[in-house]
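Written below as structure tokens is the structure these notes are about.
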Amino acid sequence: MILVDSSVWIDYFNGNQTSQTDWLDSSLGNLPIVMGDLILTEVLQGFQNDRNFKIAKDLLLGIPFVPMGGQVLALESAMNYRFLRKKGVTVRKTIDIIIGTFCIHNQLILLHCDRDFDPMVKFLCLEIIDI
């Protein structure tokens, strides 16, 4: 299964054509994509127009949903953050370490366009769609 990061969804809804948004567009309805609560929040909070918010919300709520939190994931995320710090890497956003850890923990593949995930690929074996 594939989790699509908010970095890709935001580009997708903004009409920014990238290799990731092209991949997403061709894969919707054809591959097993899941939506996480943290990503849903990140994507939807950025809409200023009510009509566009509703369109995006309806599309995203049609994707199978997975909750991403909990004590186990919080502890694993903290340990992964600390591990990366010891390697000299600082992940800029806490939510990204949670998303990466969630994918690793649940053996999901991540589609993203955010450099914060690169050290997770290198040091934590995060699986990604490599485009």
> Limited to the stretch 17-32, what total is found for residues that are touching a strand residue (DSSP E or B) at 6+ places or on another chain (Cβ under 9 Å) and not hydrophobic (A, V, I, L, M, F, W, C)?
Replying inline: 3
>> Testing GLY88 on (1) more than 14 Å from the chain's Cα centre (by Cα); (2) assigned to a helix (DSSP H, G or I), one condition comes back false. Which one is that?
In response: (2)
>> Regarding the stretch 46-65, can at least one residue be identified that is modelled with pLDDT under 95, under 15 Å from the mean Cα position of the chain (by Cα) and of a type in the set (A, V, I, L, M, F, W, C)?
In response: no
>> Residues to consider are GLY15, GLY69; find the one that is modelled with pLDDT under 95 and not polar (S, T, N, Q).
In response: GLY69
>> For the stretch 94-131: of the residues being charged (D, E, K, R) and either under 20 Å from LEU24 (Cβ atoms) or modelled with pLDDT under 95 (or both), which is surrounded by the most Cβ atoms within 10 Å (Cβ to Cβ)?
In response: ASP96
>> Looking at the stretch 23-42, can you tell me whether even one residue there is surrounded by 14 or more Cβ atoms within 10 Å (Cβ to Cβ), among the charged types (D, E, K, R), under 13 Å from the mean Cα position of the chain (by Cα) and assigned to a helix (DSSP H, G or I)?
In response: yes
>> Going through ILE55, ILE104, ILE63, ILE131 one at a time, which residue ends up being among the hydrophobic types (A, V, I, L, M, F, W, C), part of a helix (DSSP H, G or I) and either in contact with a strand residue (DSSP E or B) (Cβ under 7 Å, 6 or more places away or on another chain) or in contact (Cβ under 8 Å) with a residue 12 or more places away in the chain (or both)?
In response: ILE104
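The values are calculated or read from the model by the stated rules, or taken from the named source; none is laboratory data. Computed from a predicted model, the values in this text were never measured in an experiment. Methodologically, a virtual Cβ is constructed for each residue, glycine included, from the backbone with ideal geometry; neighbour enumeration extends over all protein chains shown.
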